[in-house]
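To keep things clear, I will list the structure first and then write my remarks on it.
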Amino acid sequence: METLLVKIFATALALSQVTTAPGAIRTQFDRVADQAQVSELLRAGCAHMRKAFDIEDINLDELIATAMEDPQAIAGESKAFRGINFADLLTAYRQFCKNEMVAVPAVDLGDVIDFYNKALTNLPDHNKLKGMKLPGASVVLDRKGERFAEVFEENQRRVWLVLADIPEHVQKAFVAAEDRRFYEHKGIDEHGLVRAFIGNLAHSGRPQGGSTITQQVVKNLLVGEDLTYERKIREMVVASRLERTLSKGEILELYLNSVFLGRSSWGIELAARSYFGKSAKELTLEEGAFLAGLTKGPNYFSPDRHPRRAQERLAYVLSRLREDGVIPAGEAASRGLPALPTIVAYERPRRDIGFHFVDQVAREARSVAGIEAITANSYTVRSTISLPLQRVVEEALQEGLWRYERDAGRLQFQAPEASLTKAINRIEAEKKPGDKRPAWQQALANARLPLYDVHWPAAVVLEKPSGKKGETWRVGLADGRIVSLSLDNALAKRKLALDDVIFVRVVEGKGKNGVRAELRLRPTVQGMVVVLENRTGRILAMDGGFSYPLSQLNRVTQSVRQPGSTIKPLSYLAALGRGLQPNTLVSDHAISATSPPCIYSKAASRTAPRQASTGYVGSRWKLRFIVNACTTIRSYWGPSRYGRSILRHSTRP
């Protein structure tokens, strides 16, 4: 069974190799034959770490003796030490660091080797980071040149910036905050580990990790963020290898473009735009120090939620910069916490329009411009879309599909869009001062509905009729209004509950009824709309379905249809040119290419193998004929049975 001590010593085995012999790291050992070598590696690693403690002016023996006086107090205070058997740890320390003989070893080296071998199986290839450019955020502009959409992969919203374009004082701020010995170590900073160890002993709050910038790059891009010993072992070994493959500048560039800094921003360029409304090239020292401080925990030190924590973190980074001589010695630290730099208001990158169109942009970028993925870099795409028209088109299609299905009697209530009961209870329990909005309104404002591109207003069910005369359904709108709900769906009346979220259409009325809301349900039927500019053929609006989250199929460009409706105008015009009339009936049975036109009387057509269908041209002209264009169609489409199929479909209303 894997004990915590086995995991600790397997991690120590990896640490010993990357600090004492980074060029000769073994990733697999024999459980029996290599125990002596593993023991020597652990002793060498311990001797190396003792030197790091000495450099930091810490007496390791005294520290351990103090810890052994009350080990449970230390283990209970700090999460980093919970579950450790300090007696066994002391025995192992005597065995591998003091080179003493122990009667009963505290840890089985065979188990340590097994755990170590398992952790380092199938290591990721560190060479793939050489020359890597991470996915970026591309911008799609509308026909006026204004921002229409931002396209990026999940957790990859960034704009890549080469290291030469990042001011040196900003680079130094990040190094000071995260890894002040970055240019000295070989991937693992044993001095940083010692400081983190002592910091975790002294403070029971947020644990310190001691990871280097190289380790963070490996964690973010290769091995993942699992909080396990296995991940830490893999991270150390890969980080050591990466230091021999990439230069310090290349590693730092990867780090500054991959680190998450809050406000939905990955990388320093997009973070600079998000917090300060400028490029990273224009950042001041204080602004760079502020962003560097966020790497520790963008949410914990968020200036939007916790401004005082952000100030404390900024003060820490500035103090490190003074110690490193980046800030001149004459500039003494001000009393109290430093003021935060001027931060612009946060606009969350959220979009509710044009998803099918943007997908088509990405497809055309691949087919026309040869760009495999529009998110592979940070592109600017100029499109022909009209934003106001696009919104009107989507609203019209959604309302039209709902009305079509309602008139057909096929609307079925499945379930509400969401339930806000838990969110409302949480908001009422917290009772944050300053926000006078009712809990249901706050919960509705923060709700993330699954159909995020449906343009009907969302509403919360606040009152249900109990059966008494005059009682009605009442719902709350996002603007705080409470209105009556017109509800004529029997199934919805049975299934809806308080705090449920539904889609409605708000009807502005006068008189005693005033404003009311009408229930809107998701239709099953789908549709599409495309609006073209006749003169140029430019696409002004495109909607490929009722809702993109429900179906990503773009029915404008991706649906496969029979070409009948396209052929109708050509066939009808040819018929009119031949003198046929709207009431002429023709048979659609097979003919040869040399036969005369197959025109039959109404009586004869009743005995024909197939009855002719009716079609419509224009808004009011009912056309009762099928053009006999068999010669043209057969020569183009092949066998007569295929021609009949096309003709048959071409007569569909």
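Couple of notes before you dig in:
- Count of residues meeting criterion [open to solvent by 60 Å² or more (accessible area, probe 1.4 Å) and under 15 Å from Val454 (Cβ atoms)] in the stretch 382-402: 4
- Subset of the stretch 405-430 (residues that are more than 17 Å from Asp488 (Cβ to Cβ) and either surrounded by fewer than 17 Cβ atoms within 10 Å (Cβ to Cβ) or of a type in the set (D, E, K, R) (or both)): Ala415, Glu417, Thr421, Lys422, Asn425, Arg426, Glu428, Ala429, Glu430
- In the stretch 544-580, the residue that is nearest to Asp352 (Cα to Cα) out of those that are modelled with pLDDT under 85 and open to solvent by 50 Å² or more (accessible area, probe 1.4 Å) is Val560.
- Taking the stretch 364-381 as the range and being under 19 Å from Thr557 (Cβ atoms), surrounded by 14 or more Cβ atoms within 10 Å (Cβ to Cβ) and not small (Gly, Ala, Ser) as the test, the residues that pass are Glu364, Ile371, Ile374, Val381.
- Only one of the listed residues (Glu269, Glu286, Glu331) is modelled with pLDDT of 90 or more, surrounded by fewer than 22 Cβ atoms within 10 Å (Cβ to Cβ) and either under 19 Å from the mean Cα position of the chain (by Cα) or charged (D, E, K, R) (or both). That residue is Glu286.
- Count of the stretch 120-169 residues which are surrounded by 14 or more Cβ atoms within 10 Å (Cβ to Cβ), among the small types (Gly, Ala, Ser) and under 26 Å from Ala292 (Cα atoms): 3
- Condition check for Pro207 on (1) in a helix (DSSP H, G or I); (2) at pLDDT below 90: one failure, at (1).
- Residue, surrounded by the fewest Cβ atoms within 10 Å (Cβ to Cβ), within the stretch 483-498, restricted to residues that are modelled with pLDDT of 90 or more and within 17 Å of Pro457 (Cβ to Cβ): Ser484
- Hits in the stretch 293-315 (condition: aromatic (Phe, Trp, Tyr) and either buried (at least 19 other Cβ atoms within 10 Å of the Cβ) or modelled with pLDDT under 90 (or both)): Phe301
- Among strands (runs of 3 or more DSSP E) entirely within the stretch 419-525, having at least 1 residues that are of a type in the set (Val, Ile, Thr) and touching a residue at least 40 places away in the same chain (Cβ under 8 Å) singles out 458-463, 474-477, 500-507.
- When Lys568 is tested against (1) in contact (Cβ under 8 Å) with a residue 60 or more places away in the chain; (2) assigned to a loop (DSSP other than H, G, I, E, B); (3) over 30 Å from Pro416 (Cα atoms); (4) out of contact with any His (no Cβ under 9 Å at 6 or more places or on another chain), only condition (2) is not met.
- Taking the conditions (1) under 28 Å from Leu444 (Cα atoms); (2) of a type in the set (A, V, I, L, M); (3) assigned to a loop (DSSP other than H, G, I, E, B) in turn, Leu553 satisfies each one other than (1).
- Taken over the stretch 136-175, the criterion of being within 18 Å of Lys219 (Cβ to Cβ) and in contact with a Ser or Thr (Cβ under 8 Å, 6 or more places away or on another chain) is satisfied by Gln156, Arg158, Phe174.
The values are calculated or read from the model by the stated rules, or taken from the named source; none is laboratory data. All values derive from a computational prediction rather than experimental measurement. Quick reminder, even Gly has a Cβ in these numbers, built from the backbone with ideal geometry, and neighbours come from all protein chains shown. Side chains are part of the model used for accessible areas, which takes the heavy atoms of the whole protein and leaves out ligands, DNA and RNA. Shrake-Rupley method; radii C 1.70, N 1.55, O 1.52, S 1.80 Å.
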